[in-house]
Amino acid sequence: MKHLLKLSRKGISTVIFVLLIFTLNIHCGSDSVNNASEREATTTQQIEKSLEELATIAGNPTSNDPAVIEDQLDQALRTAISEIFYQATHEMEENDLTRTMVFDISRYLLKIHDYLNTYIALKSLNFLDLNGDGAADQAMEEFITYVNNFAAIFGNVMDMEELVDYNTEIRSNLDGLLNIIKQIENINNIITTLNSIGSFTTYNLSKFFAADDSIQGIISDLESSIYTLQMALNGNISSQVIPSTLDDMVQRYTLLSEELRKYSGESFSIMIVPLLSGEDYTMLTYDDLATYIDGYQTIDENGENVLDVDNDMMGGLIGILGYFRSLIGSMEPASGAELSHLSTSAGTLTPAFSPDTLEYSILVPRNIASITVTPSVPGNDMDITVNGSAVKSGYPSQPITLDTDSYTTITIAVDDSESGTEKTYTISARRIGDSTVTLSGLTVSTGTLLPAFNADKLDYSVEVDNNITSIQVTPTIDSPFSTITVNGTAVNSGAASAPISLNVGTNLISVVVTAEDETTCTYTITVKRLGSHIADLSAIALSQGTLTPSFTSGTLSYTAEVANAITSLTVTPTTAESHAMIDVNGVAATSGTAVTVSNLLVGGNTIRIVVTAQDGTTTKIYTVTVTRKASSNANLSGLAISQGTLSPTFAAGTTSYSATVANTITSMTVTPRVEDGTATVKVNGTAVASGSASQAISLATGTNTITIAVTAQDGVTVRIYTVTVTRQKSNNAYLSGLYVRDVDLSPGFSSTTTYYDDWIPLWIGGTRVTPTASHPGATIKVNGQTVASGSESQYIDFGWGSNYIYITVTAEDGVTTRTYTVKVVRI
C-alpha cells in the first residue's frame, strides 16, 4: 500500500528562496570581481528604479503574448529581488528592524516569483471573486500599487538605515502583498488541479477503460471541458464560458462515477486526484482518498488494493468542482446558439469577429491551397459543424480546399439543444496572388508635385496659396486587383478623390495601395497651404480720448489727447483677418481684446500695434500717439510756519492767512507742500522744494507779508498764498545805562534798580543826565523832557538841599513804563 505524499508549498518556497539567495550571492561575488566599481555605485535609487520597471512591465506589457509577458515579469522580479537583497547584505548597518523589513520585501517578491504562470494568475484575478465579496478581485492593479509604494519609499531614503522611519508603510504594503500571494496561490491551485485532472483523465482512466465506449465518450468530453477552462484562464477566450463549463464537468463526473461503479472490482496501481487542503497542495494515492472524500474506500482483494466506489464518491467529486465553482463566482453563460470565437489558419477575417456578425470574408496567399477553421462556443451543450462535419469547440476543422479563382464558401453551423436555437456563420475565402502596389500616375487638382511623379518615389510635396481651401488627388494603378484609398477613403484608379479640406500649414495626404495579396504601399503628399497675407486692422478703440483722424485700415498713424488725471488706458485692436497676430508695445495680444497701457507720461506716449499676417511674413505697424496733458493743479496740500499759528487752519482752497509772533521772534521759515508733485513753489520769490522749509525770513516789528506762489505743471496756472505775520512791539522799559555828571550813583547802576542817591558839594550848581534804553524802540524823558537814548539831557540846576531827577522810560508798546529816581543832596 502506497503512502500519502505531502509537500508543503511554504517549505518549497523556503528552499527556493535559500537557493535563489545562494545564486544571488554567487552572482554578486562574480560582479565584485568584474564590475566592482559598478556595484559600489549601487544606491537605494537603483532599487527604486528596478521596482518602477517591475510595476511598468506588470501594468503596460510590451507584448500580447502571455508567455513573453511572463518572461518579462520574471526578469523584472529577479532584478528587483537582487537589488533589494544586495542592499540588505552589503550596504546596511546592523539593525534588526531595518534588516527584517528589507528581507521581508525580498521574500514576498520572491514568493510571487516562485509561482508558475504568475502573470496569468494575476490577470485571472481580475475576473475571479476569491474573497466572496461579489466583485472581481483587482490583484494586478493592487500589485502594481504596492510595488510603486515600495519604489516611492526607497526613493525617499538616502540610506538603508532610514527605512526604519517607514516601518508602518512597509508593513501595510507587505500585508497587501501577502493577500495577493494567497489569491495567486488559489489560482495556481485551480490551474494545477485542472492540469492534474486532465492528466488523470487522459493517462489513467483511458487505459483502464479503453474498451468501454461510454467511458471514452465521457473522458473525451471532460478533456474538452478542461481545455476550454485552460483557454479561459489563460485569457485566450472569454471568461464568460467558465461557469457553464464547470457545470458541464460536474455532470460528466456524475456520469463517470456511475461508470466507475460498474468497474469497482477492477484493480489498478495509482490514481492522482488533486485537492485543495489548507496551505499544502496534496498529491494523493488512490488508497488514501478515503481520508478526504467520505465514502471513497479501497478493499483488499487477493492482496491488491482495489478501488471501491460507492454513491458518495460522486458527491466528493462534485464537491471538488463545486469548490472551484465558488471561487469563480456566478457569471451567467451566454444564452442561445452563437460562437464566442472564430479564427482561420491563414488570412484575416473581415470584418473582425463578433458573435452577432454572421458573414465574413478572407483573402489568403495563392500558395496556400487549404485552410482550417477553429470555432469556439461559450458552453459544451452546443454542437458545431464546419461544412457539415462535426468540430469540437476550440479545435480546428479538417483542412478545407480553396478554389483558385473564385470564392470558397465555408459554413459554420451552431446548434444549442438546450435553448433550441441555431445559428449559421459563413466565411467567403479566396486565394490571391497579385502583389502590385506601385502607382502608375499621381496628380493633384491644384499646385505641382515636387519632385515630379515617379512610381518608386513615395514622398511628395505641394504648395498652394491661402485661397485654396481643398484639393483632390487622382491616383492611377495598372493592376485591376489592387485597391486605392486616399486618406482612408476608397478611390477608383484614374478617378479624383473627394475634395480634401486644407488647413493653413502642413496637410498630410496618404495614398495607400493594397495589392490582392494584401501587400500595401503608402504614398505621402505633404500639402502646404500658405497663410493669409492680410495684416490690416479693422478697428482700434481707446478707453480714453478720441482717435484723430477717425480710424480706417489704410491709415497707420493716429493721435489722441487725455486729461492729466488719466495715467493709463486700454487699446483694443481688431484684425481684419482672423488668423493674423497682434502685439501691442511688444506684448502679444488677442484680436478684439483690450490691452492696458499703463504709466502714461505727461506729453506724448506712443502705442505701437504690430499686425503680422498668417503667412508669418507680412506685417503692418499702426501707431497711436497719446498726449497726456500737463497738470493744472497749483494747490498746496499743506502749509506750515516755524513760529506762530496759521489762522484760519490751512485748507487748499484758502489762500490768505495770518499769524502773530512775539517781539522776540525776529525771523521764521515757511514749509509749503504741493498737492501735485509736478507743481513748483516759491516763497517770497525764492524756490523751495515741496515739503521743505524756506530760508529764514526776517520779521520787522508789526506787519510782515510772506508770499507763497505755486505754479502748476502746465506753467500757466499760478496760485498765490499769503501769510501776514504780525510781530508784536517790545514792552521793554528798562535802561541799560545811566550816567549823571558829577554824581556818583549809589548803589551802582543796575537796570532793575530804580532809586539812587548821592551828595555833592555846594559849588556844584547842576548836572546833565545821559540815559540809555535797553530796547531801541523805547522813549526816555528826564524830568519831563524827551532825551534820546545815549544822549545828554538839558542842564538841570540844583538848589540847596535835596534835588530829585526823574528818568521815565516808555516801552515801544507805548504802555509799559518804568521810572528811575536819582536823589542829589547839595551841601
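In this simple spin-label approximation, GLU141 and SER435 carry label points 7 Å from Cα along the Cα→Cβ vector, and these lie 4.7 nm apart. Solvent exposure of GLU463, expressed as accessible area, is near 110 Å², computed with a probe of 1.4 Å over the protein chains only. For a Förster distance of 30 Å, can you work out the FRET efficiency between the beta-carbons of ALA490 and ASP456, rounded to the nearest 0.05? Efficiency computed from Cβ-Cβ geometry: 0.80. Distances between placed amide hydrogens fall under 5 Å for SER361 paired with THR350, SER428, all partners being 5 or more residues away or on another chain.
Along region 510-523 the Karplus relation, 6.51 cos²θ - 1.76 cosθ + 1.60 evaluated at θ = phi - 60°, assigns HN-Hα couplings of 9, 10, 9, 9, 10, 6, 4, 7, 6, 5, 10, 9, 10, 9 Hz to successive residues, with x for each Gly and Pro. The modelled label-to-label distance between TYR739 and ALA369, using points 7 Å beyond Cα along the C-beta direction, is 16.5 nm. For GLY737, the residues whose modelled amide H falls within less than 5 Å of its own, excluding neighbours fewer than 5 places apart on the same chain, are THR772.
Averaging the Cα positions of each part gives two centres, and for region 628-683 and region 71-85 these lie 88 Å apart. Relative contact order of region 636-727, taken over Cα pairs closer than 8 Å and 6 or more residues apart, is 31 percent. The label-point distance for THR357 and GLU161, in a model that sets each label 7 Å from Cα toward Cβ, rounds to 6.5 nm. In terms of accessible area, using a 1.4 Å probe and ignoring ligands and nucleic acids, SER694, SER647 rank largest first as SER647, SER694. Between THR618 and VAL716, what FRET efficiency comes out of the Förster formula 1/(1 + (r/R0)^6) with R0 = 41 Å and r the beta carbon distance, rounded to 0.05? In this case the efficiency is close to 0.30.
Could you please put TYR407, TYR734, TYR523, TYR119 in sequence from largest to smallest accessible area, using a 1.4 Å probe?
From most accessible down to least: TYR407, TYR734, TYR119, TYR523.
Taking the mean number of other Cβ atoms within 10 Å as a proxy for protection, how do you rank 698-708, 713-723 from highest to lowest?
713-723, 698-708
At a 10 angstrom cut-off on C-beta neighbours, averaged per residue, how do the peptides 652-658, 435-441 rank from highest to lowest?
Highest mean packing first, the order is 435-441, 652-658.
Remark: region 805-820, residue by residue, has Karplus-estimated 3J(HN,Hα) of 10, 10, 10, 9, 10, 9, 4, 4, 6, x, 10, 6, 10, 8, 10, 9 Hz, where x stands for each Gly or Pro and the curve is 6.51 cos²θ - 1.76 cosθ + 1.60 at θ = phi - 60°.
For THR350 and ASN585, the FRET efficiency from 1/(1 + (r/R0)^6), where r spans their Cβ atoms and R0 equals 45 Å, is about 0.15. The relative contact order of region 439-529 comes to 31 percent, based on Cα pairs under 8 Å that sit 6 or more residues apart. In sequence order, region 349-364 has phi-based couplings of 5, 10, x, 4, 5, 9, x, 8, 8, 9, 10, 9, 9, 9, 10, 10 Hz under the Karplus curve 6.51 cos²θ - 1.76 cosθ + 1.60, θ = phi - 60°, and Gly or Pro positions carry x. Based on Cα contacts under 8 Å between residues 6+ apart, region 339-457 shows a relative contact order of 25 percent. Residue separation of LEU508 and THR555 scaled by 0.36 nm, minus their Cα-Cα distance, works out to 12.9 nm of gained length.
Of interest is the spacing of the C-alpha centroids, which for region 453-471 and region 551-567 amounts to 47 Å.
Accessible area per residue (1.4 Å probe, heavy atoms of protein chains only) ranks GLU418, GLU169, GLU516 as GLU418, GLU169, GLU516, with the largest value leading.
Residues whose amide H lies under 5 Å from that of THR819, counting only those 5 or more places away or on a different chain, are VAL809; hydrogens are built 1.01 Å from N in the peptide plane.
The values are calculated or read from the model by the stated rules, or taken from the named source; none is laboratory data. Remember, predicted model here, so these are calculated numbers, not experimental data. Methodologically, a virtual Cβ is constructed for each residue, glycine included, from the backbone with ideal geometry; neighbour enumeration extends over all protein chains shown. Remember, those area values only see protein heavy atoms, side chains included, never the ligands or the DNA or RNA. Shrake-Rupley method; radii C 1.70, N 1.55, O 1.52, S 1.80 Å.
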